[in-house]
Each structure stands twice: as C-alpha cells, then as structure tokens.
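*Asks:* First the structure, which I've put down as structure tokens, then a few questions once you've had a look.
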Amino acid sequence: MKETSEQYSDLELIRLILSGDIALFELLIRRNNAILYKTGRSYDYGHEDTQDLMQETYIDAYRNLSKFEGRASFRTWITKIMLNKCFHHRHKLSFSNEVPSEISDKSIPMYSSNRNADTVNAVVNRELGLIVETALKHLSLDYRMVFSLREVNGFSVEETAETLGISEANVKTRLNRAKGMLRKEIEKHYQPEEIFEFNAVYCDAMVERVMRELRE
C-alpha cells in the first residue's frame, strides 16, 4: 500500500474506490489524518474525542463519497465534515464556552508587521509544540480555526474561506489578528515544546479503526 501512496491523485482514488476498490480508502485516511487531528485539537477536543470524531468523519465521507463533485479539494471537503462533527458534538454536550462570533470584514488587523508574523511562524515551524497548543486555547474559536487551517494545515486563503464558509477578506483579517494575539499568549506561556501532531502510531490505528468498520 505504501508503494502506491503517491501513485494516485485524490480524484483518481475516489473513482477507484467508487468502482469497488474499498481498500484504497486507506490512502485517503493516511493523507488526511494529520489535518483532521489538528482540526479537532484546535477545536479544543482532547486526543480521544478527536480520534472518535475523526473516525465518524471518515465513515461519513466514505458513505457520501459519490457526492464529492471535485469543485473544491478533497481535504477541504473532508475538513468541512470534521468541523461539522466538532460543532455538533460540542452543541450536543452543551458546551458554551466557545461560541463562534462573526468578525466584520472591515476589522483592522491588530498586528500585521512582518516581524510579528515571523515570530509566530518561527514557533509554528518547530512543529506546533505544547507552547502553541496552550496559547491557541486562549484564542476565540473563529480566530483559532482560521489559524489552524492556514498556518498548521497549510490551506490556501481560498480553501480556508470555502471550508469555514467566510469571505477571503475575513480569512486574512482573522489570521492577522490571530497571529498578534497568539504572539502575546506565547510570550506569557512559554514552556518546553512537545510535538502536537498525529504521528505514525496513531495514524496506523486510525486506518485500522475505519477500515474495520467499513469491512463490517
């Protein structure tokens, strides 16, 4: 399976899966595990809850794969499913401490200099350790998710806007403000880094969980 991991594009994989080669769904899982994991953690869910939401997301994605039209990237499509799961799970449990609020497109970034952006990017480039994970929790959800998609998962402005259902101008505004607020939080909460990622051990386990349910 590893030898063919780069052989197919997402669209090619989807066509083959829909034609009956279910085993290839493993490749889509592996390609998106890190993105979905970081999305769940950025939504302030713990490791176990995030894994459960990821599994639900993959199952839903598989069941609705024929509805994927390719107008946006597959990672955008499946991340929207994950975000929907995160939102409804929080609503179901009556969590009220992280209610998204609308930000005006006319908002002026609080911090927009290259130096401030470089300060944040320097930390992010060290694999988003515990210090960033801790600081992110102090940002409101609307800022946090834009930062997570753009800076952690590498989504484009267009993909981020599509995923979150906001304008591209809003994405840019929220990202700039998030960077400034995050920089301040980092300065207050600096501590030794721990890797904030979905590593190979968890990746294999997620593949097994999802593929086992699909086979059943």
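*Asks:* Mind listing whichever residues of the range 65-79 are polar (S, T, N, Q) and within 15 Å of PHE25 (Cβ to Cβ)?
*Replies:* The one that is polar (S, T, N, Q) and within 15 Å of PHE25 (Cβ to Cβ): SER66.
*Asks:* For the structure I just gave you, tell me whether ALA122 is more than 18 Å from THR79 (Cα to Cα), aliphatic (A, V, I, L, M) and modelled with pLDDT of 85 or more.
*Replies:* Criteria not met by ALA122.
*Asks:* On the given criteria, is THR57 at pLDDT 95 or above and closer than 24 Å to LYS137 by Cβ?
*Replies:* Yes: the conditions hold for THR57.
*Asks:* Related question: Anything in the range 144-164 that is within 13 Å of THR79 (Cβ to Cβ) and in contact (Cβ under 8 Å) with a residue 24 or more places away in the chain? List them, or say none.
*Replies:* MET145, VAL146, SER148, LEU149, ARG150, VAL152, ASN153, PHE155, GLU159, GLU162, THR163, LEU164
*Asks:* Any residue at all in the range 63-72 that's touching a residue at least 60 places away in the same chain (Cβ under 8 Å), assigned to a helix (DSSP H, G or I) and of a type outside the set (Ser, Thr, Tyr)?
*Replies:* Scanning the range 63-72, I find no residue that is touching a residue at least 60 places away in the same chain (Cβ under 8 Å), assigned to a helix (DSSP H, G or I) and of a type outside the set (Ser, Thr, Tyr), so the answer is no.
*Asks:* Within the range 10-57, can you find the residues that are buried (at least 22 other Cβ atoms within 10 Å of the Cβ) and either assigned to a loop (DSSP other than H, G, I, E, B) or assigned by TED's automatic domain parsing to the domain that holds ARG150 (or both)?
*Replies:* TYR43
The values are calculated or read from the model by the stated rules, or taken from the named source; none is laboratory data. What you see is a predicted model; the values in this text were computed from it and never measured. In this analysis, Cβ positions are derived from the backbone assuming ideal geometry, glycine residues included, and neighbour counts consider all displayed protein chains.
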